[in-house]
Amino acid sequence: MQLNAHDCDGLRYSWIDLVAPSRVHAEMTAAQARQLAEALIACGDLWDSRILADSIPWAHLCPLWCSQHDEARDPKAEQWHSGQPWTVPVIGPQLCGSRVRVRLCAKDTRFDRRLFVCLTVRDDEAVELTGPEARRTAAALLNAADDLDNPLHRT
Ligand SMILES: [Zn+2]
């Protein structure tokens with residue numbers, strides 16, 4: 001995550017750049033970063049509350065929150081379950097009309113079920129986070145949003 005600014009015709013445009021491990025990135029305003037942080041915190045809380053219930057032997061039943069599943073996404077998993085996504089539209093100065101999505105996902109193998117908070121930047125491959133990792137990402141976004149709103153950063 002980084003803060004960027006460019007000056008054009010006497011005006012300064014600032015934004016937060018969220019960069020996925022694949023280098024795909026999304027440009028966000030402070031308000032969008034806060035919205036994404038909220039989604040990450042909400043999903044991190046779901047990850048916490050559902051981890052125990054969902055690790056009890058499940059006999060290949062969908063989790064209650066499952067809204068979509070997919071068998072082919074990962075050769076190591078037998079099935080993926082995905083919850084409803086939180087979608088944050090992002091409108092950076094250079095990348096218009098893209099989006100970042102956060103959703104709770106479960107990966108079933110023959111032996112267990114693991115939960116992830118999946119963060120997708122512009123339809124790239126999802127980054128799999130645990131609940132605590134989702135909250136740390138949210139904290140970094142909130143800090144970046146505060147920095148962006150700090151008058152010292154403006155012209
Ligand atoms: Zn399912």
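The values are calculated or read from the model by the stated rules, or taken from the named source; none is laboratory data. It should be emphasised that the depicted structure is a prediction, and the values quoted were computed from it without experimental measurement. Quick reminder, even Gly has a Cβ in these numbers, built from the backbone with ideal geometry, and neighbours come from all protein chains shown.
Results, tabulated for the structure shown:
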item: Contacts under 6 angstrom Cβ, first residue in the range 66-86 being at pLDDT below 85, partner more than 12 Å from the ligand (Cβ to nearest atom) and among the basic types (K, R), 6 or more apart; result: W80/R73
item: Candidate set from the range 112-134 (those that are surrounded by fewer than 19 Cβ atoms within 10 Å (Cβ to Cβ) and out of contact with any strand residue (DSSP E or B) (no Cβ under 6 Å at 6 or more places or on another chain)); member that is farthest from P21 (Cα to Cα); result: D112
item: Total residues in the range 115-129, condition at pLDDT 85 or above and over 11 Å from the mean Cα position of the chain (by Cα); result: 1
